[in-house]
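Here is the structure we will look at.
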Amino acid sequence: MSKNSKQTSKSVSSLASKILKNPSSSAIQKELAGSALSQSKSSKQTGSDLESKASHVLQSDKYSETTKTLAASVLSQSNKER
């Protein structure tokens, strides 16, 4: 399996932290934020289920730029062989 060594940037980590602390954040925002934070200082990769959700977020017009930023970060840390 190919290894992806990308990590979440400091700015996206900060955004993810704010999302998780905000009670009005959506479930998808919290899921993406949690994944992004878990990859901030590790070589963990995005799982295929979340990879699929992040891809859907990026292709949809109904999500905010904040949600798309998290989705893009999470997707960039996915397994390149999938």
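The values are calculated or read from the model by the stated rules, or taken from the named source; none is laboratory data. A quick note: this is a predicted structure, and the numbers were derived from the prediction, not measured. When we count neighbours, we look across all protein chains shown, and the Cβ atoms used for this are built from the backbone with ideal geometry, even at glycine.
Out of all the residues in segment 23-34, which are within 18 Å of Thr8 (Cβ to Cβ) and not in a helix (DSSP H, G or I)?
Across segment 23-34, the qualifying residue is only Ser25.
Can you tell me which residue in segment 35-72 is surrounded by the fewest Cβ atoms within 10 Å (Cβ to Cβ), limited to those that are of a type outside the set (Val, Ile, Thr), touching a Leu at 6+ places or on another chain (Cβ under 8 Å) and within 14 Å of Ser9 (Cα to Cα)?
Ala72
Can you name every residue in segment 35-63 that is outside any helix (DSSP H, G or I), within 17 Å of Ser78 (Cα to Cα) and modelled with pLDDT of 95 or more?
none
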